[in-house]
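Derivation of every value follows stated rules applied to the coordinates shown; laboratory data play no part. Predicted model only: the values in this text are computed from it and were never measured. Don't worry about glycine lacking a Cβ; one is built from the backbone with ideal geometry, like all the others, and counts go over all protein chains shown.
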């Protein structure tokens, strides 16, 4: 991509409301622009990272035979009332965007898709032979945050990967749960991000078994977790299992019990939640009358699980962990560009010809950002450091004359 044709509005002037380093760097680097409180436009650089992260997640889920779908962003309020999440005494009701069409039919803009996927499953699967399925989507969700803050970390509109499992009994449902658990660990491993999974409360989602995945962030973490020091080594084991994991103490603050870990080496840390798993049982399948026929011809409710990764939130958490005083340091797996070519004197014909030829040779194999602008060398270098391109090929008149480059 030629920078002269690319929309990359880097800036030093950002809102004083930006407190987290991730929020500051996303604005400075031109990844995002605020449209209104808690609502952002994603510009080409940000969208590039967003798509790479979504695809990385997609690959890992497809490996374990999950199937991608797209549920509607307009969902009938009535199905949310059936589940109990949109009734007056629900903790979720105030967080849901409510709208009506011209016929006064009530809809919601959903923060998740349990109701809609149960309705889909009910109309599509009828026999016990077809029940075991994991469906997922990577789509934009909505939450009426009363105090949006920290940029995309807590916004009104966000991209989320949400998956839903259906099984004939609890035993098989927990096998699905474990498959997603392991897939999440693989996702974070591919990114190069250290996460700690902890037992967590189920909250408004319901169910009776849940885990959260946390990125450690002593400076800006919103959550507090407690985990056994030895868990760090176990999480590197390729033979991970839920049974093995449960031998270690690892809990979110609400689940933490001091008396349960007095003799253990416990680490307390501030953290950022980036993923969540729930075993739901039949909470949603019963409330939405989602049934299948078992081998005896009797109607049964499938056991469900739901599994989320906040993709936009995860990008912010990655930046919180991966930056220096010059800018973002992207993990290779989601870097917006593999390398940058910096022509430090674009007006020089020899320099330009040599740079153009190198760009033509490399751009067919790699994601390349080619700075062919007339900006000063200092501005070019500063921008590349800011946006986080890890490999820079620098070309000046002397380099071009000698058919050589400088690598940084």
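Working note: 222 nm ellipticity from helices only, DSSP H runs with n ≥ 4, each -39,500 (n - 2.57), summed and divided by the residues of the chain, gives -9000 deg cm²/dmol to the nearest 500. In plain terms, the chain from residue 14 to residue 100 could stretch by 27.3 nm, reckoned as 0.36 nm per residue minus the Cα-Cα distance. Annotation: extensible slack from residue 41 through residue 68 equals 7.2 nm (criterion: 0.36 nm per residue apart, minus Cα-Cα distance). The calculated FRET efficiency for the pair residue 333 and residue 76, based on their C-beta separation and a Förster distance of 25 Å, comes to about 0.05. Neighbour counts of C-beta atoms inside 10 Å place 211, 126, 256 in the sequence 126, 256, 211, starting with the fewest.
Modelled label positions at residue 129 and residue 189, each set 7 Å beyond Cα in the direction of Cβ, lie 3.6 nm from each other.
With a Förster radius of 51 Å applied to the beta-carbon distance between residue 55 and residue 401, the computed FRET efficiency rounds to 0.80. Cβ crowding within 10 Å, taken as a proxy for footprinting-reagent exposure, orders 270, 365 from fewest neighbours to most as 365, 270. Tell me, how many Å apart are the Cα centres for the range 59-120 and for the range 1-44? If we compute the Cα centre of each part, the gap is 30 Å.
Which of the three applies to the range 337-407, rounded, prolate or oblate, going by the alpha-carbon gyration tensor with a ≥ b ≥ c and a/c under 1.5 meaning rounded? The shape class here is oblate. Which log10 I(q)/I(0) values, to two decimals, does the chain give at q = 0.10 Å⁻¹ under the Debye formula with one point per Cα? At q = 0.10 Å⁻¹ the computed log10 ratios are -0.76. With the simple model of a label 7 Å out from the Cα in the direction of the Cβ, residue 356 to residue 258 spans 7.2 nm. Using a Förster radius of 25 Å, what is the FRET efficiency between residue 349 and residue 379 based on their Cβ-Cβ separation? Nearest 0.05, please. The calculated FRET efficiency here is 0.70. Using a Gaussian network model of the chain in which every pair of alpha carbons under 10 angstrom is joined by a spring, one finds that among 359, 284, 227 the greatest mean-square fluctuation is at 359. The DSSP beta bridges internal to the range 337-407 are antiparallel in roughly 20% of cases. Label separation (residue 218 vs residue 88): 4.9 nm, computed from points 7 Å beyond Cα along the C-beta direction. Normalised by residue count, the range 165-310 yields a Cα convex hull volume of 130 Å³ per residue. Among 140, 42, 330, the ranking by other beta carbons within 10 Å of each residue's beta carbon, starting with the fewest, stands as 140, 42, 330.
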